1. Limited to region 225-257, what total is found for residues that are modelled with pLDDT under 80 and either closer than 24 Å to PHE167 by Cα or charged (D, E, K, R) (or both)?
2. Within region 67-78, identify whether any single residue is of a type in the set (Val, Ile, Thr) and in a loop (DSSP other than H, G, I, E, B), and answer yes or no.
3. Counting only residues that are touching a residue at least 12 places away in the same chain (Cβ under 8 Å) and surrounded by fewer than 19 Cβ atoms within 10 Å (Cβ to Cβ), how many does region 174-185 have?
4. Residues that are in a helix (DSSP H, G or I), under 18 Å from THR56 (Cα atoms), in contact with a Ser or Thr (Cβ under 7 Å, 6 or more places away or on another chain) and at pLDDT 95 or above: does region 84-97 have at least one?
5. Determine, yes or no, whether LEU157 is under 14 Å from ILE133 (Cβ atoms) and either assigned by TED's automatic domain parsing to the domain that holds LEU124 or in contact with a Phe, Trp or Tyr (Cβ under 9 Å, 6 or more places away or on another chain) (or both).
6. For region 74-94, what are the residues that are of a type in the set (S, T, N, Q), surrounded by 17 or more Cβ atoms within 10 Å (Cβ to Cβ) and in contact with a strand residue (DSSP E or B) (Cβ under 9 Å, 6 or more places away or on another chain)?
7. Given the condition more than 24 Å from TYR105 (Cβ to Cβ), of a type in the set (D, E, K, R), surrounded by 10 or more Cβ atoms within 10 Å (Cβ to Cβ) and modelled with pLDDT of 95 or more, answer yes or no: does some residue in region 209-219 qualify?
8. Kindly indicate whether ASP166 is at pLDDT 95 or above and out of contact with any helix residue (DSSP H, G or I) (no Cβ under 7 Å at 6 or more places or on another chain).
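The values are calculated or read from the model by the stated rules, or taken from the named source; none is laboratory data. Since we're looking at a predicted model, the values are computed, not measured. In this analysis, Cβ positions are derived from the backbone assuming ideal geometry, glycine residues included, and neighbour counts consider all displayed protein chains.
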Amino acid sequence: MSAPQEFSALVLSRQNYRESDMLVKLLTDRFGKKMFLLHRARKPGFAMGAGILPFTLARYVGTISDGGLSYLNTVKTATQYQAIAQDISLNAYATYVLSLIDLAYPDGEPIPHWFAHARESLRLIDDGFDPAIIANIAEVQLLEAFGVQPEWRWCVLDQRSDLPLDFSEKFGGLLCQNHWDQDPYRYRIQPKAMYLLRRFSTLDLTQLQTINVSAATRNELRRVLDRIYSDMVGVVPKAKRFLDQMHGWQDQLPPLKPRGEDPK
């Protein structure tokens, strides 16, 4: 058990514990993911309540344990991502991004890059950027952490990138058109989606200015990444199951009528 430390963190999850306590999992900027025990956190007027709300970024002072539970002493500043907290769809995508990071790395392993990525992901989603694309970027970049390292730069067999490319699970990356016959089970990815997947693999979220992706390309990205995660990763967070259900509900809704058209 170390002396009290000051750090920034995002709230990953929380759960009730004993009669009035709470366990809160934080993704910290310095210590990776840590579980904190907060005594009497469920009592009215709990002093650190604002700092342990879902989708909150805060500056904390706490005692960090190398093994077992850590403890919070105080919350210095706290900001909740309000749009995410109030919108079920944004909530689901933000939860999915955080869940993937949680599953990809063991607790206690410092992952400052992914703390920064998570913070920027939530900021962009909260500011109105397409949450599905922000989630796709995280999916692509987390593949390495899950032990899957696709070659996105060029064809794995001849390093060419000037020909049409497709994804091959068999070869662990891209195949150019000259070698498509070597994998009859290649993904047959649409060119626009392939272009974006390659961009996503190296994209710095802080440089992202706009997102403009058609519905067809969004669906193709979802198809491809779902298949990669199903066949090569084998990880399905609970938040992903909810997103799939939500997409099913949306697909069943009737199309909106043009403005001014009389309902029938």
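1. 2
2. To start, the set of residues in region 67-78 that are of a type in the set (Val, Ile, Thr) comprises 74-75, 77.
Subset that is in a loop (DSSP other than H, G, I, E, B): none.
No.
3. Residues of region 174-185 touching a residue at least 12 places away in the same chain (Cβ under 8 Å): 174-180, 182-183, 185.
If we keep only those that are surrounded by fewer than 19 Cβ atoms within 10 Å (Cβ to Cβ) too, we end up with 177-178, 180, 182-183, 185.
Number of matching residues: 6.
4. Applying the first criterion (in a helix (DSSP H, G or I)) to region 84-97 yields 84-86, 88-97.
After this cut, where a residue has to be under 18 Å from THR56 (Cα atoms) as well, the list is 84-86, 88-97.
From what is left, the residues that are in contact with a Ser or Thr (Cβ under 7 Å, 6 or more places away or on another chain) are 97.
Subsequent filtering for residues that are at pLDDT 95 or above retains 97.
Checked region 84-97: at least one residue is in a helix (DSSP H, G or I), under 18 Å from THR56 (Cα atoms), in contact with a Ser or Thr (Cβ under 7 Å, 6 or more places away or on another chain) and at pLDDT 95 or above.
5. Details: under 14 Å from ILE133 (Cβ atoms): no; either assigned by TED's automatic domain parsing to the domain that holds LEU124 or in contact with a Phe, Trp or Tyr (Cβ under 9 Å, 6 or more places away or on another chain) (or both): yes.
When the stated conditions are applied, LEU157 does not pass them.
6. The one that is of a type in the set (S, T, N, Q), surrounded by 17 or more Cβ atoms within 10 Å (Cβ to Cβ) and in contact with a strand residue (DSSP E or B) (Cβ under 9 Å, 6 or more places away or on another chain): GLN80.
7. yes
8. Against the criterion (at pLDDT 95 or above and out of contact with any helix residue (DSSP H, G or I) (no Cβ under 7 Å at 6 or more places or on another chain)), ASP166 does not qualify.
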